[in-house]
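Asks: Sharing a structure, written as structure tokens. Questions coming.
Every number here is computed from the coordinates shown, using simple stated rules; none is lab data. Keep in mind it's a predicted model, so treat the numbers as computed, not measured. Cβ placement follows ideal geometry from the backbone for every residue including glycine, while neighbour counts extend to all protein chains displayed.
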């Protein structure tokens, strides 16, 4: 029995995996450039938003929500599949006005205001030379780890 086909499949999977990582890296760099050029990373723009001095950030957030809504609708209507051929399933979410949403939103907003950055752009800020964001990234990772540790004991 020959092992050549198995080796060929493994090599194909490995090269596809490398290409995928390169694509992610390229898209991440493009996203970071977009965030930088749009000034979404600017602490002053974020401060303007939280002080209600400018609508710029709210308009950017609203456009992101609109793009996401159209994208999710198209994914569902067209029955799109992942790269590996699996159907994309978006489970329905139950929304409410409970205390947990208010508490979670407040904690997220406070963290955003104190750090001067939303979690996504923190990596782009590090790439732009704002090395203090490494502390914010470490803190975000520690908070995520802590939530994972305490999740079974938290009310959901």
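Asks: What angle, in degrees between 0 and 90 and rounded to the nearest 10, separates the Cα long axis of helix 4-37 from the longest principal axis of the Cα atoms of the chain?
Replies: 20 degrees
Asks: Continuing with this model, one more query. Please tell me the relative contact order of the chain in percent, rounded to the nearest whole number, where contacts are Cα pairs under 8 Å and at least six residues apart.
Replies: 21 percent
Asks: Now for a different question. Taking the chain as the reference, fit the longest principal axis to its C-alpha atoms, fit the long axis of helix 133-150 to the helix C-alpha atoms, and give the angle between the two in degrees, 0 to 90, nearest 10.
Replies: For 133-150 against the chain, the angle is about 80 degrees.
Asks: Wrap a convex hull around the Cα atoms of the stretch 95-156, take a quarter of its surface area, and give that in square nanometres.
Replies: Mean projected area for the stretch 95-156: 4.8 nm², to one decimal.
Asks: Once Rh for the chain is found with the Kirkwood sum over Cα pairs, what is the Stokes-Einstein diffusion coefficient at 4 °C and 1.567 mPa s, in µm²/s?
Replies: The Stokes-Einstein estimate is 67 µm²/s.
Asks: Estimate the FRET efficiency between residue 31 and residue 150 by the formula 1/(1 + (r/R0)^6), using the beta-carbon distance for r and 30 Å for R0, to the nearest 0.05.
Replies: Result of the calculation: an efficiency of 0.45.
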